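Enquirer: Okay, handing you the structure first.
The values are calculated or read from the model by the stated rules, or taken from the named source; none is laboratory data. Everything numeric in this text was worked out from a predicted model, so none of it was measured. All Cβ positions, glycine included, derive from the backbone under ideal geometry; neighbour counts span all protein chains shown. The protein model used for the area step is the full one, side chains on, heavy atoms only, and it has no ligands, DNA or RNA in it. Shrake-Rupley method; radii C 1.70, N 1.55, O 1.52, S 1.80 Å.
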Amino acid sequence: MESTGMADLLEAVRQLIAFLDLSRTDALSPQGETTLNTATALAERAQGALDVPISVRSQVQQYVREAHLVIAELRILNSRRRSNRAVLARQLKLKEEAEGTQKQMEELVVELTTEESHVTSLEDQIARLQQDLADHKARAAAKTRALATSADKLEALVKDHTEAVQIDCVAEGAKLDAEDARLEIEWDRIKRGAEEFLNSHPQN
């Protein structure tokens, strides 16, 4: 019959494997936390068992510690993914603002063209309509300034936000994918080690 210490260790490994069999989402859920905490508590309880070799206790304890580390890294990774999505959302909003400014520019170009047409027409009647001509020129100058301001705003938005943020998000996405792949390997390695341990200590 198994000692209480060994029974605790084997049950800890079973709980750890059950935890590692969960999906990423479930592993980060309260259910996953409970399962991992159960494995942790059992492993810690078995640490004082004198009838279990220290190497065996240490091996199980190592599995549990590594599982906690991977979960902690997954939480950080998920947080960074949320932040990256928020940056992308802000970038899309800036893109919409830029498109709105572009539309305003196009409207101002049309208006400016109309005003310049008036100016050309009035110059042919300068003797009679000199005051009217001056008014239209003033309006045309104001619209020209507005057009220049809108162009500067669009250029700043595109240069300072859109391209830079897209590049940063793509680079961050690549980093996150690489980290995710590394954690997947760690995840499988811990699970295989735990399963091999359980298989090498069958319960009588």
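Enquirer: Within segment 190-204, count every residue that is in contact (Cβ under 8 Å) with a residue 12 or more places away in the chain and surrounded by fewer than 13 Cβ atoms within 10 Å (Cβ to Cβ).
Expert: 2
Enquirer: Looking at (1) within 17 Å of Arg192 (Cβ to Cβ); (2) not in a helix (DSSP H, G or I); (3) not aromatic (Phe, Trp, Tyr), find the lone condition where Leu50 falls short.
Expert: Here Leu50 meets the rest and fails (1).
Enquirer: Contact list please: Cβ distance under 7 Å, first residue in segment 10-28 and more than 26 Å from Gln47 (Cα to Cα) and of a type outside the set (A, V, I, L, M), second residue open to solvent by less than 50 Å² (accessible area, probe 1.4 Å) and in a helix (DSSP H, G or I), pairs at least six apart or on different chains.
Expert: Qualifying pairs under 7 Å: Arg24/Leu74; Asp26/Gly32.
Enquirer: I need the full set of residues from segment 1-15 which are open to solvent by 20 Å² or more (accessible area, probe 1.4 Å) and over 17 Å from Ile190 (Cα atoms), in order please.
Expert: Met1, Glu2, Ser3, Thr4, Met6, Ala7
Enquirer: What's the total number of residues in segment 104-119 that are of a type in the set (D, E, K, R) and surrounded by 14 or more Cβ atoms within 10 Å (Cβ to Cβ)?
Expert: Matching residues across segment 104-119 total 3.
Enquirer: Turning to a different aspect of this structure: Restricting to segment 171-189, count the residues that are hydrophobic (A, V, I, L, M, F, W, C) and surrounded by 12 or more Cβ atoms within 10 Å (Cβ to Cβ).
Expert: 3
Enquirer: Scan segment 21-39 for residues that are part of a helix (DSSP H, G or I) and open to solvent by 20 Å² or more (accessible area, probe 1.4 Å) and jot them down.
Expert: Result: Arg24, Thr25, Asp26, Pro30, Gln31, Glu33, Thr34, Thr35, Asn37, Thr38.
Enquirer: Next question. Kindly indicate whether Ala18 is among the hydrophobic types (A, V, I, L, M, F, W, C), assigned to a helix (DSSP H, G or I), open to solvent by 30 Å² or more (accessible area, probe 1.4 Å) and closer than 30 Å to Val170 by Cα.
Expert: It is false that Ala18 is among the hydrophobic types (A, V, I, L, M, F, W, C), assigned to a helix (DSSP H, G or I), open to solvent by 30 Å² or more (accessible area, probe 1.4 Å) and closer than 30 Å to Val170 by Cα.
Enquirer: Of the conditions (1) open to solvent by 50 Å² or more (accessible area, probe 1.4 Å); (2) assigned to a helix (DSSP H, G or I), Arg57 fails just one. Which one is it?
Expert: It fails just one condition, (1).
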